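As structure tokens, the structure follows; a few thoughts come after it.
The values are calculated or read from the model by the stated rules, or taken from the named source; none is laboratory data. All of these numbers come straight from a predicted model, not from anything done at the bench. All Cβ positions, glycine included, derive from the backbone under ideal geometry; neighbour counts span all protein chains shown.
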Amino acid sequence: MSAPQATIEVGQNEELNSNTRPLRMILIGPPGVGKGTQASLLEQRLGAIPLSSGMIFRAEIEADTDLGHLAQSYIKRGELVPSGITIEMMRKRMSTDNVRKHGFILDGFPRNIRQAEALDEILVEMEIDLDFAVSLDVNDEIVVQRLSGRMGCTKCGEIYHSQTKPPKREGLCDKCNSPLMTRSDDHPDTIRERLRVFHEQTAPLCDYYEKKGLLKRVDGSKSPEEVYDQIVAGLDLDRS
Ligand code: AMP
């Protein structure tokens, strides 16, 4: 798609990145399990670039692009945006010098086997390997609880929760002072549809990556710090 693309601020940790081998990983998990929170921690601490397909779609919607218009009709119903469109969008976002240099944390992509196979092709084209895929495991009840009350920053994507992680100033991001927003698809009927789609289409990715010897399972019901510790356990963090 040649239409202008929405921008998201990424890769600001030059210092941190300077002596490390880029980390390349995927986060798999149902909506609300905390993929965005973990991607943000991994970015802050390890310098890899978070690429959230959902966040990219939302930025496209916000920027009023053709891609945004197209995606919106699927997103508001809790359905997946067609894979062909999603794959091309992610191919473009991944094939940059920045991502090559700093690595990536994919959040929300791939979402089904077709997308996982396309990601394999993108990685072959880029001549890079995936380090591992993390499955954040949690039951559906916890998901629903976490999604009701969730707010995200409209600029930097930082995630807040009215009960468990309220912002210091109501409605404003602690990090960049921009307004916070509740997502239109964080409503009960849409949440249920997104969970159904996850179990049907995305959960099979665990087998896909298990067979490749790349799957790491983590208990996603724990606190963000505990989940982070499980993700990085066994990782060679001094990767210079
Ligand atoms: P997320 O922010 O990951 O929960 O994504 C929000 C919505 O964006 C999803 O419910 C889908 O409608 C759409 N979306 C995000 N990532 C993908 C993907 N990889 N494939 C298709 N649709 C996606």
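Could you please tell me which pairs satisfy a Cβ distance under 7 Å, a separation of 6+ or placement on different chains, a first residue in segment 43-55 that is under 20 Å from Q72 (Cβ atoms) and modelled with pLDDT of 95 or more, and a second residue that is near the ligand (Cβ under 6 Å from one of its atoms) and part of a helix (DSSP H, G or I)? What qualifies is S53/T86.
Evaluate segment 202-221: report whether one residue or more is at pLDDT 95 or above, of a type in the set (S, T, N, Q), within 17 Å of R111 (Cβ to Cβ) and in a helix (DSSP H, G or I). Within segment 202-221 (the criterion being at pLDDT 95 or above, of a type in the set (S, T, N, Q), within 17 Å of R111 (Cβ to Cβ) and in a helix (DSSP H, G or I)), the answer is yes, since at least one residue qualifies. Restricted to segment 57-110, and to residues there that are of a type in the set (V, I, T) and closer than 14 Å to R183 by Cβ, the residue that is surrounded by the most Cβ atoms within 10 Å (Cβ to Cβ) is I75. Taken over segment 85-124, the criterion of being aromatic (F, W, Y) and either in contact with a helix residue (DSSP H, G or I) (Cβ under 6 Å, 6 or more places away or on another chain) or within 12 Å of the ligand (Cβ to nearest atom) (or both) is satisfied by F109 alone. Taken across segment 92-105, residues that are closer than 26 Å to V144 by Cα and among the polar types (S, T, N, Q) do not occur at all. Taken over segment 184-205, residues that are away from the ligand (no atom under 13 Å from the Cβ) and under 16 Å from the mean Cα position of the chain (by Cα) amount to 1.
Out of all the residues in segment 140-171, which are assigned to a loop (DSSP other than H, G, I, E, B) and either assigned by TED's automatic domain parsing to the domain that holds K92 or surrounded by 15 or more Cβ atoms within 10 Å (Cβ to Cβ) (or both)? Once the filter is applied, which keeps residues that are assigned to a loop (DSSP other than H, G, I, E, B) and either assigned by TED's automatic domain parsing to the domain that holds K92 or surrounded by 15 or more Cβ atoms within 10 Å (Cβ to Cβ) (or both), segment 140-171 yields S148, G149, T154, K155, C156, G157, E158, P167. E117 meets all of the listed conditions (1) outside any loop (DSSP other than H, G, I, E, B); (2) modelled with pLDDT under 95; (3) acidic (D, E) but one, namely (2).
Being away from the ligand (no atom under 13 Å from the Cβ), exposed (fewer than 15 other Cβ atoms within 10 Å of the Cβ) and among the basic types (K, R): is that true of K211 here? Criteria met by K211.
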